[in-house]
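Just so it is clear, none of the values below were taken in a lab; they were calculated from the coordinates. The structure presented is a predicted model; accordingly, all values stated were derived computationally and were not measured. In this analysis, Cβ positions are derived from the backbone assuming ideal geometry, glycine residues included, and neighbour counts consider all displayed protein chains.
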Amino acid sequence: MFWRAALLVKVLFINTLYAPYAIGGAERVVQSLAEGITEAGHEAVVVATAPGKGTRAAWVNGAKVHYVGLRNLYWPFGERKNPAALKPLWHALDTHQFWMASAVDRILDTERPDLVHTHNLSGFSTLVWRYVKQCGLPLIHTLHDYYLLCPKATMFRANKNCRRPCIRCSPYALPRRYDSNLVDEVTGVSKFVLERHLSHHYFHTTPRKEVIRNGYETKVAASWSGTQSLPVRFGYLGRLDPSKGLEVLLDSVSRLPHGSWHLRIGGNGWAEYESHLRDKYEAPAIEFLGYVETDPFFEVIDVLVVPSVWEEPSGRVISEALSHGVPVIGSRTGGIPELVENERTGFVFDNKSSIDLAAKMRTCIEDPSMIGYMRHECLKKAKRLLPEVITAQYLEAYAEVVRDR
């Protein structure tokens, strides 16, 4: 009944990108949430960057979207390679984006929302938080990555995870840490990403802190017969990049009995690295598929392997696998162990050890019935990640922030 009252009827979302410019998990999460609260009877307004100049508005599935032309040295979200020499200056301008924050301020004045929910802020900067608070509005921020700590948003450099912002990142990180105390509630898509920020004194005075995971619609693979036989079909889906741990995976399968496994690799990457992988690990049972559609891919694998070296905050591909009833063998790093319950929805392994990963894969080969058991557990867990469940959690968070204020 609270949400049918007039206490909150309009939420303004701010995210770096939005459909049709969506390229990652955060964009899909924001779109799902905006459409979800609209279906629940509330009003959603979205502000996102766009190529070109000026500001234009459009309606996307019931949500009003303001596309603000990015004012910086270049548009970094396209396929064109940007000059490396200009990146430090681009990030410096992005740390204090007065022009973009001013555009948001004008939209706030026009739209007059009841609450502002920010997500990825690359292109806008945390300066938008100051304008939101000048308007006296409740403010929630969701952590999808490490943008506030690292301009690349990865905290991964020279094939190593960074324990803290380095000397290069500190000039960008310090103003963002200061501004973080303007937020009324901070949510993380995993406990790991939330605690990483809190450990570096972000959101020190923010009164409300909680984990709300990314949602995904359940889609059971229609091709599963209910029984499991050899060879076990393992799969990898994602970018072909050294940070993703592909070489650990490929070293692992070389340790498995011949004829007992098949590995399908979906995704593209740097041409040179992809060519290196194909040449070094050429084998009849290893299939490089290139770009693939998600749903058909999960219909032709039995187990997904997520061997990431870098500390992924959450890993949307894991939620996708769970929603299809596909168990996951994931590295024990970042937010991955929070989604993969060992021996229930999959296994976790030491991300630096191909021996440990091979042992977990061998377990699936030696006892295929376990895959069937884990499929049921995956679908049970996926029900807790349905978009309507996640939307309800955010609506409750909005209500609490409004009550607190």
Matching entry among Gly24, Gly36, Gly78 (being more than 30 Å from Arg168 (Cβ to Cβ) and under 22 Å from the mean Cα position of the chain (by Cα)) | Gly36
Any chance region 358-368 includes a residue that's in contact (Cβ under 8 Å) with a residue 60 or more places away in the chain and of a type outside the set (A, V, I, L, M, F, W, C)?
-> yes
Restrict the check to region 200-212 and report whether at least one residue is closer than 27 Å to Ser243 by Cα, among the aromatic types (Phe, Trp, Tyr) and surrounded by 22 or more Cβ atoms within 10 Å (Cβ to Cβ).
-> yes
Just one of (1) touching a Ser or Thr at 6+ places or on another chain (Cβ under 7 Å); (2) of a type outside the set (Val, Ile, Thr); (3) on the phi < 0 side of the Ramachandran plot trips up Lys191, so point out which.
-> (1)
Set Arg278, Arg239, Arg255: member being out of contact with any Leu (no Cβ under 6 Å at 6 or more places or on another chain) and free of Cβ contacts under 8 Å to residues at least 12 places away in the same chain | Arg278
